[in-house]
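Colleague: Pasting a structure here, questions to come.
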Amino acid sequence: MQTSWPEKKNARAGHRAAEALLRHSRRWLLLLGLFALSVIMVGPIVWTISTSLRTPAASFSLPPKWLPTDMALENYAEVFARIPFWRQIFNSFFVTLSTVFGQLCTAALAGYAFARLDFPGKTLLFWLVMATLMIPLQATIIPVFVLISRIGLSDSLAALIVPALFTAFGTFLLRQYFMQAPKEFEEVALIDGANQWYIFSRVYLPLAAPGLAVLAVLAFNGTWNEFYRPLVFLITDANFTIPLGLNTLKGYMMTGSISVVLAGVSLSLIPVVLVYLFGQRYLIEGIMVGGLKG
Amino acid sequence: MQRAVTTRKRTSLAGWLTEPTLAGMRRRKALLGYLFVLPTILGILVFTAGPVLVSFGLSLYKWNVFRPPTFVGLENYTRLVSDTRVLVSFANSARFVILAIGLQIVFSLLLALALRQRMATWMRYYFRTTFLLPFLLSGAATGVVLSYLLHQEFGVVNYYLGLLGIPRIPWLTSSDVVLYTVVLAYLWQFVGFSLITMLGGLSNISSEVLDAAEVDGASGWNWLWQIVLPMLSPTLLFSAVIGVIGGLQIFDQPYVMTRGGPGDASRTAVMTLYEAAFKNQEIGYASSIAVILFVVILAITAFQFAMSKRWVFYQ
């Protein structure tokens, strides 16, 4: 049977409506799925913070409560009573800030030299630095440990800082930023009578500021969260950094209250979350720049 | 006054460098170049390149710290291939890397494609931020938190699974399950990191190309295989290389969650190395494990780059 013209038109319109409906519902399903995943990503962190404010007796309560109930701030006091947490906070800041500052200095100098200065052997040296990017920490940790003990630095914060002051990745990263800066600025500065140091520190370094911010954020997160090297190099509680402190705290509290441990975890998150809030752009840029290298 | 006189008098070397000519400037820049790279080159020689060579050397010695080292040739390596604990830990690391890195790449790619869909800016921002959030935590903090959440009796995860009618899973206490738990923990923490990498890769592909192919009516599957994956292949290669290098060195999370247990079920290669070197003080033997790990990582990376000629396309 032949369908009449208006009927055909209706069918087509109906078809289009169905298609649109399908597209819409697919889009809503997708958003719903993404939202569910985001809950899985954030959930453990929310649970950590709200449980850290619960009395020990309520800390294992099921069904889980997602909002803080008791505001039991004594858990936070307990962290400081159980382990030398003030010291460990200081240690973490000291190690992290020294490492970040040191890496910014060495990598800015080397990155600038590789990007903008000419000297015999430059390419060879650059590839030497790049080749070390492939070397895993594990392949160097034992000799570095022996070296650190020989020069009397074991169980000290310097053992963490000194080997971390140099960075192949940071050198590569900042070289990219210095290469993007226009050459002409140097000529202008030379005409004004500037010397080479001035050209580096006053002309090109400010232009590489986003790169410095990227390296600072990445180095801050990496060092603040570092666990393996501190575990190897440090022995005494008072010299620990925060991740090691949390590990001990978890051991002490095996049968006790998890709220206290989670209070420690919550405190350890504050600096990285702050850095993330203010430097998210740079963190993301850093991960993306790393990806473009491939 | 004496000082002023000496600084004004220049030695010939200083004169050579301060010559106000182009050649003088080139020399000054070269000298500055060497000075600038000196800290990094020295630091890398002392703390990275040198130690690798020393590791190779140490692996030929028997050295228990308290006694002087004795040369034993390849003895550490022959011991290593018959040490079940070492073999098990390497096998665990291999299984972990294949599962974790494979899933990480697949999930982050799907997520990146999902985030390309039309949605409000704040939504995209919200998803990107929340997915990256676990990446901020230390491996230790992640290990602590997840080990509580995954507790078999009192854990939140099993509680919710129970509501769905799924019996309690022994996440951390069964040797059949624990390695998958470690993979899940890894994914939770690092999927956001590679999501950002994938988004970076996608943003490099002109959106006209992606959208045009979509409008041309290429089916979703063809679009993925013939447009997206080839164009994204450099990013995929990068994720695979970085993932394998990092994954073979995973330590923090499983160490805090399980200490390698139950039994040796979640013991990774790095954990065995750590125990041999820093618990049992067997420096030489541990160095041989380090050397094997290094060689394996190099070999896999080289293999990935060699294979990449077949499937990676640079624009």
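Colleague: In which sequence would B:Val191, A:Val275, A:Val42 go, from the one with the fewest C-beta neighbours within 10 Å to the one with the most?
Modeller: Values: B:Val191 23, A:Val275 19, A:Val42 16.
So the ranking, lowest neighbour count to highest, is A:Val42, A:Val275, B:Val191.
Colleague: So, one more: Taking the Cβ of each residue in A:Trp66, A:Trp47 as the centre, tally the other Cβ atoms inside 10 Å and list the residues starting with the fewest.
Modeller: Working: A:Trp66 13, A:Trp47 18.
Final ranking by Cβ density, sparse to dense: A:Trp66, A:Trp47.
Colleague: Would you list the membrane-span-like helices of chain B, meaning whole DSSP H runs whose alpha-carbon atoms span at least 20 Å along their axis and whose mean Kyte-Doolittle value is at least 1.6? It would help to have the intermediate numbers written out before the result.
Modeller: Values: long enough: B:22-44 (33 Å, 0.96); B:84-116 (47 Å, 1.64); B:178-204 (39 Å, 1.43); B:229-247 (25 Å, 1.71); B:283-311 (41 Å, 1.53).
Helices passing the filter in chain B: B:84-116, B:229-247.
Colleague: How do A:79-90, B:12-23 rank on mean C-beta neighbours within 10 Å, highest first? Before the final figure, lay out each step's value.
Modeller: On the way: A:79-90: 17.8, B:12-23: 10.1.
Most protected by this proxy first, the peptides run A:79-90, B:12-23.
Colleague: Can you list residues from other chains, or at least 5 along the same chain, whose modelled amide H is less than 5 Å from the amide H of B:Tyr61?
Modeller: B:Val72
Colleague: Per-residue counts of other Cβ atoms within 10 Å, averaged by peptide: what ranking do you get for A:21-31, B:44-54, B:111-121, highest first? The partial results should precede the final answer.
Modeller: Values: A:21-31: 11.4, B:44-54: 18.3, B:111-121: 15.3.
Highest-to-lowest ranking by the protection proxy: B:44-54, B:111-121, A:21-31.
Colleague: Tell me the mean residue ellipticity at 222 nm calculated for chain B from its helices only (DSSP H runs of n ≥ 4, each -39500 (n - 2.57), averaged over every residue, nearest 500). Walk me through the numbers on the way to the answer.
Modeller: Values: 15 runs with 214 residues, N = 315.
So the calculated ellipticity at 222 nm is -22000 deg cm²/dmol.
Colleague: Separation between the A:Leu62 and A:Ala36 pseudo-spin-labels, each 7 Å from Cα along Cα→Cβ, expressed in nm?
Modeller: Result for the modelled spin labels: 2.2 nm.
Colleague: Lys and Arg at +1, Asp and Glu at -1: add these up for the other residues within a Cβ distance under 13 Å of B:Met271 and post the number.
Modeller: On the way: positive: B:Arg85, B:Arg259, B:Arg267, B:Lys279; negative: B:Asp252, B:Asp264, B:Glu275.
So the environment of B:Met271 carries a net charge of +1.
Colleague: Turning to a different aspect of this structure: Can you compute the charge dipole magnitude of the protein assembly as shown about its Cα centre, using +1 on each Lys and Arg Cβ and -1 on each Asp and Glu Cβ, nothing else charged? Give it in debye, rounded to the nearest 20. Write down the numbers at each step before the final one.
Modeller: Details: 44 positive and 27 negative charges, 196 e Å.
Using only the charged Cβ atoms, the result is roughly 940 debye.
Colleague: Normalised by the residues of segment B:75-311, what does the relative contact order come to in percent, with Cα pairs under 8 Å and at least six apart? Mind dumping the intermediate values first?
Modeller: On the way: 244 pairs, mean separation 72.4, N = 237.
Value for segment B:75-311: 31 percent.
Colleague: Still on this structure: Averaged over peptide A:116-128, how many Cβ atoms belonging to another chain are found within 10 Å of each residue's Cβ?
Modeller: Numbers: counts 4, 11, 4, 11, 3, 4, 4, 0, 0, 6, 1, 0, 5.
Mean number of neighbouring Cβ atoms from other chains: 4.
Colleague: Please give the average number of partner chain Cβ atoms lying within 10 Å of the Cβ of each residue in B:125-136, rounded to a whole number.
Modeller: Values: counts 1, 4, 6, 3, 7, 10, 6, 6, 8, 5, 7, 11.
Counting other chains' Cβ atoms within 10 Å and averaging over B:125-136 gives 6.
Colleague: Need one value for A:224-236: mean number of C-beta atoms belonging to other chains within 10 Å of its residues' C-beta atoms.
Modeller: Details: counts 2, 9, 4, 10, 8, 0, 1, 6, 3, 1, 0, 0, 0.
Partner-chain Cβ atoms within 10 Å, mean over residues of A:224-236: 3.
Colleague: A further question follows. Across segment A:46-56, in residue order, what do the Karplus-derived ³J(HN,Hα) couplings come to in whole Hz, using 6.51 cos²θ - 1.76 cosθ + 1.60 with θ = phi - 60° and x for Gly and Pro?
Modeller: 4, 4, 4, 5, 6, 5, 5, 9, 9, 5, x
Colleague: So if R0 is 56 Å, what FRET efficiency would A:Thr236 and B:Phe305 give, r being the distance between their Cβ atoms, rounded to the nearest 0.05? Each step should come with its number before you reach the end.
Modeller: Working: r = 44 Å, r/R0 = 0.78.
Working from the Cβ atoms, E equals 0.80.
Colleague: Between B:Val312 and residues 5 or more places away or on another chain, which pairs have amide H atoms under 5 Å apart, with H built 1.01 Å from N, and which residues are they?
Modeller: So B:Val312 has HN proximity to no qualifying residue.
Colleague: Work through the residues other than A:Lys183 whose Cβ is under 14 Å from its Cβ and net out their charges, Lys, Arg +1 and Asp, Glu -1.
Modeller: Working: positive: A:Arg116, B:Lys29; negative: A:Asp118, A:Glu184, A:Glu186, A:Glu187.
Overall, the nearby charge balance is -2.
Colleague: By the gyration tensor of its Cα atoms, with a ≥ b ≥ c the square roots of the eigenvalues, what is the shape of the protein assembly as shown: rounded for a/c under 1.5, prolate for a/b over b/c, or oblate? Could you put the intermediate results ahead of the total?
Modeller: On the way: a/c = 1.70, a/b = 1.19, b/c = 1.42.
Judged from the Cα gyration tensor, the protein assembly as shown comes out oblate (a/c at least 1.5, b/c at or above a/b).
Colleague: For chain A, compute the number of Lys pairs whose alpha carbons are separated by less than 24 Å, excluding pairs fewer than 8 positions apart on the same chain. The partial results should precede the final answer.
Modeller: Numbers: A:Lys65/A:Lys250; A:Lys122/A:Lys183; A:Lys122/A:Lys293; A:Lys183/A:Lys293.
So the count of such lysine pairs works out to 4.
Colleague: For segment A:1-119, what is the charge dipole size about the Cα centre, in debye to the nearest 20, if Lys and Arg each add +1 at the Cβ and Asp and Glu each add -1 at the Cβ? Each step should come with its number before you reach the end.
Modeller: Values: 12 positive and 6 negative charges, 157 e Å.
Dipole about the Cα centre, nearest 20: 760 debye.
Colleague: Pick out which of A:Ala158, A:Ala168, A:Ala17 has the largest mean-square fluctuation in a Gaussian network model of chain A, springs linking Cα atoms closer than 10 Å.
Modeller: A:Ala17
Colleague: Also, quick follow-up: For a Förster distance of 41 Å, can you work out the FRET efficiency between the beta-carbons of A:Ala81 and A:Phe101, rounded to the nearest 0.05?
Modeller: Details: r = 33 Å, r/R0 = 0.79.
Approximately 0.80, to the nearest 0.05.
Colleague: Which of B:Tyr186, B:Tyr160, B:Tyr61 has the fewest other C-beta atoms within 10 Å, and how do the rest follow up to the most? Kindly include the intermediate steps, with their values, before the conclusion.
Modeller: Working: B:Tyr186 25, B:Tyr160 14, B:Tyr61 19.
By the 10 Å Cβ count, ascending, the order reads B:Tyr160, B:Tyr61, B:Tyr186.
Colleague: In nm, to one decimal, how far is the A:Ser201 label point from the B:Gln152 one, both placed 7 Å along Cα→Cβ?
Modeller: If labels sit at A:Ser201 and B:Gln152, their model points lie 6.4 nm apart.
Colleague: Using packing as a proxy for protection, rank A:92-104, B:277-289 so that the peptide with the highest average count of other Cβ atoms within 10 Å comes first. Don't skip to the end; give the middle numbers.
Modeller: On the way: A:92-104: 19.8, B:277-289: 21.5.
Sorting A:92-104, B:277-289 by mean packing, highest first, produces B:277-289, A:92-104.
Colleague: Sticking with the crude label model, points 7 Å out along Cα→Cβ, report the distance from B:Thr21 to A:Ile191 in nm, one decimal please.
Modeller: Label-label distance for B:Thr21 and A:Ile191, simple model: 2.4 nm.
Colleague: Please tell me the relative contact order of chain A in percent, rounded to the nearest whole number, where contacts are Cα pairs under 8 Å and at least six residues apart.
Modeller: Values: 264 pairs, mean separation 84.8, N = 294.
Once normalised by length, the contact order is 29 percent.
Every read-out reported here was derived from the displayed coordinates using simple, explicitly stated rules and does not represent laboratory data. Model, not experiment: these values are computed from the prediction. Here the Cβ is made from the backbone with ideal geometry for all residues, glycine too, and neighbour counts use every protein chain on show.
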